[in-house]
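Since every read-out is calculated from the coordinates, none of them should be taken as a lab result. Being a predicted model, the structure only gives us computed values, none of them experimental. Ideal geometry is used to build each Cβ from the backbone, glycine not excepted, and the neighbour counts take in all protein chains shown.
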Amino acid sequence: MHDTFPIEVRASAKYRLGMPTAQFFKHYWQKQPLLIREAFADFQSPITPNDLAGLALEPLALSRIVSHDRRRDAWKLESGPFTESRFAKTSKRDWTLLVQDVDKWDSDVAALLDSFDFLPLAHRRHHGVVCRRGWIGRRTR
């Protein structure tokens with residue numbers, strides 16, 4: 001029988017990951033997803049939605065829009081770069097913009113990486129960390 005672990009935890013002053021770091025590495029690191037609520041208390045994003053959308057217009061920025069059609073219950077993936085007119089026709093809901101490696105374009109976002117100093121250094125350098133990947137998968141080339 002396999003142990004089951006929660007997919008959602010709450011961070012605290014004592015446990016930034018909602019649990020001891022050793023437990024995180026043993027049960028979650030590169031094994032299963034985990035949502036850590038309040039990982040950054042009073043978080044203020046260093047980049048605005050408009051700035052992120054502007055970055056998605058850049059040919060060298062790797063960007064994607066994932067959208068959901070509720071009527072057909074179908075998902076759609078579009079790859080950037082995008083045009084301003086593409087954003088003008090987005091709805092208020094059912095889509096998300098993912099921009100990869102934002103830390104390479106914005107120094108304030110890059111400063112967030114210091115919060116992940118507990119990760120193995122080789123992994124941080126060669127594979128990225130969650131905020132560098134838009135919270136999904138491994139870094140793609």
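Worth pointing out:
- Estimated dipole of region 1-43 in Debye, rounded to 20 [Cβ of Lys and Arg +1, of Asp and Glu -1, Cα centre]: 120
- Relative contact order, whole percent, for region 1-101 stands at 22, derived from Cα pairs under 8 Å and 6 or more residues apart.
- On the beta carbon distance between residue 31 and residue 73, with R0 = 30 Å, the FRET formula returns roughly 0.55.
- Full-stretch length increase - residue 50, residue 85 - with 0.36 nm per residue and alpha-carbon distance subtracted: 11.3 nm
- With Cα atoms defining each centre, region 70-117 and region 21-67 are spaced 10 Å apart in the structure.
- Global form of region 1-43, assessed from the alpha-carbon gyration tensor, a/c cut-off 1.5: prolate
- Over region 1-43, relative contact order from alpha-carbon pairs under 8 Å, at least 6 apart, %: 48
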